[in-house]
1. For region 134-162, enumerate the residues that are assigned to a loop (DSSP other than H, G, I, E, B) and open to solvent by less than 90 Å² (accessible area, probe 1.4 Å).
2. Of all residues in region 280-293, count the ones that are within 15 Å of the ligand (Cβ to nearest atom) and open to solvent by 20 Å² or more (accessible area, probe 1.4 Å).
3. Within region 27-64, take every residue that is open to solvent by less than 50 Å² (accessible area, probe 1.4 Å) and within 21 Å of residue 271 (Cβ to Cβ) and give me the one that is nearest to the ligand (Cβ to nearest atom).
4. List the pairs whose first member sits in region 6-27 and is farther than 14 Å from residue 70 by Cβ, whose second member is more than 13 Å from the ligand (Cβ to nearest atom) and of a type in the set (Lys, Arg), and whose Cβ atoms are under 8 Å apart, counting only residues at least 6 apart or on separate chains?
5. I'd like to check which strands (runs of 3 or more DSSP E) are fully inside region 1-112 and have at least 1 residues that are outside the structural domain of residue 313 (by TED's automatic domain parsing) and closer than 28 Å to residue 297 by Cβ.
6. Here are 247, 241, 228: which of them is open to solvent by 10 Å² or more (accessible area, probe 1.4 Å) and among the small types (Gly, Ala, Ser)?
7. Tell me which residues, restricted to region 310-336, are open to solvent by less than 20 Å² (accessible area, probe 1.4 Å) and within 16 Å of the ligand (Cβ to nearest atom).
8. Across region 75-93, what is the number of residues that are in contact (Cβ under 8 Å) with a residue 60 or more places away in the chain, touching a Phe, Trp or Tyr at 6+ places or on another chain (Cβ under 7 Å) and either closer than 18 Å to residue 223 by Cβ or open to solvent by 60 Å² or more (accessible area, probe 1.4 Å) (or both)?
Amino acid sequence: MHRVTLIPGDGIGPSISEATTRIIDAAGVKIHWDTVEAGLSAIDKYRDPLPPNVIESIKANKVALKGPLTTPVGSGFRSVNVALRKEFDLYSNVRPARSFEGVPARYEGIDLVIVRENTEEFYAGIEHYIDPSRSAAETIGIVTRMGSERILRYAYEYARKHGRKKVTTVHKANILKYTGGLFLDVAHEVAKHYPDIVSNDKIVDNMAMQMVTNPHQFDVIVTTNLFGDILSDLASGLVGGLGLAPGANIGYEVALFEAVHGSAPDIAGKNLANPCALVLAGVMMLRHIGEESAADRIENAVSTVLKEGKYVTADLKPAAPVGTTEMTQAIINKLK
Ligand code: NAD
């Protein structure tokens with residue numbers, strides 16, 4: 001029996017978390033879900049978006065599945081997602097984007113993985129107004145050699161382990177001469193240790209354009225925090241949208257799995273959310289805990305439901321959609 005921390009999350013989080021745990025249970029994996037609350041629901045109950053019992057649970061279980069958490073824009077509490085990544089030093093954010101047959105998208109046959117540095121640069125939370133009248137604000141982005149080296153090594157090791165051929169480093173070293181420059185220097189140093197893998201690098205603005213016009217040239221993409229966040233949403237847009245994009249936050253001891261998308265307040269509570277992104281994050285989690293065959297079965301069931309296109313949510317088929325619960329049931333039926 002595995003023990004996994006489950007954070008259902010805000011907005012559409014509880015419904016897609018329920019879908020994911022139902023599917024994993026139906027695949028026969030024995031998991032004790034240690035369910036804890038963070039985000040808005042925790043504020044209501046404990047006046048704290050990240051109560052200590054959440055940290056304790058993750059510390060004990062080492063693996064967590066998390067629904068999306070709302071972070072107020074501008075003022076309000078800091079991001080719980082960022083806090084969790086920092087607390088457990090989840091330095092690597094792995095976000096695959098691949099095409100599924102039957103899903104309407106701009107391209108077919110895309111299969112790329114974004115490896116995003118998850119703890120440094122502009123998400124480190126070093127920011128303030130420079131004076132009480134808020135006439136200017138400052139956010140400091142720190143990039144370290146250690147932080148760059150470990151994420152770049154992670155990307156190359158990931159490429160080797162998963163039989164991938166190419167790693168593209170994305171940066172803005174032409175303008176951000178120091179932070180971008182350091183990341184790129186380290187990329188060149190690390191690349192020398194992986195002669196079996198093709199290495200190249202691209203400036204982020206050009207990268208955004210090339211991902212849209214010629215995405216098949218990319219395999220593993222490694223980049224700093226902010227660029228990785230933006231490019232992974234872009235990547236999901238290439239293959240059918242956020243409803244299909246999973247992610248893993250990996251540290252030395254703890255791994256936390258989640259969808260790339262947020263809490264989608266515009267569709268929350270309406271049985272409209274596509275559960276697949278979190279379900280596919282669940283598949284990544286099952287592989288992480290050694291449940292390969294259940295992971296394969298769930299991934300195949302999701303692929304089949306998407307290919308048949310009969311029981312899919314409105315983001316994929318606006319004309320005749322089904323709800324979250326119906327799509328979940330369709331995936332479970334394919335497991336049988
Ligand atoms: P979002 O990802 O929640 O939604 C963007 C758009 O995609 C919306 O139109 C939404 O309806 C749609 N969408 C997202 N997931 C979907 C799904 N599973 N099925 C169908 N449609 C889906 O982004 P946002 O609206 O910018 O952010 C909302 C909140 O989520 C913010 O508070 C933000 O901070 C938070 N957020 C959290 C995480 C996380 O927990 N890791 C990630 C991103 C954003």
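1. Those that are assigned to a loop (DSSP other than H, G, I, E, B) and open to solvent by less than 90 Å² (accessible area, probe 1.4 Å): 135, 136, 140, 141, 143, 144.
2. Count: 1.
3. Taking the candidates together, the pick is 39.
4. If the second residue must be more than 13 Å from the ligand (Cβ to nearest atom) and of a type in the set (Lys, Arg), the pairs left are 27/297.
5. 92-98
6. Just a single option satisfies the conditions, and that option is 241.
7. Selection gives 312, 313, 316, 323, 324, 327, 328, 330, 331.
8. 1
The values are calculated or read from the model by the stated rules, or taken from the named source; none is laboratory data. Just so it is clear, the model here is predicted, and its values are computed rather than measured. Backbone-built Cβ (ideal geometry, glycine too); neighbour counts: all protein chains shown. Note: accessible area is taken over every heavy atom of the protein model, side chains too, but ligands, DNA and RNA are not part of it. Shrake-Rupley method; radii C 1.70, N 1.55, O 1.52, S 1.80 Å.
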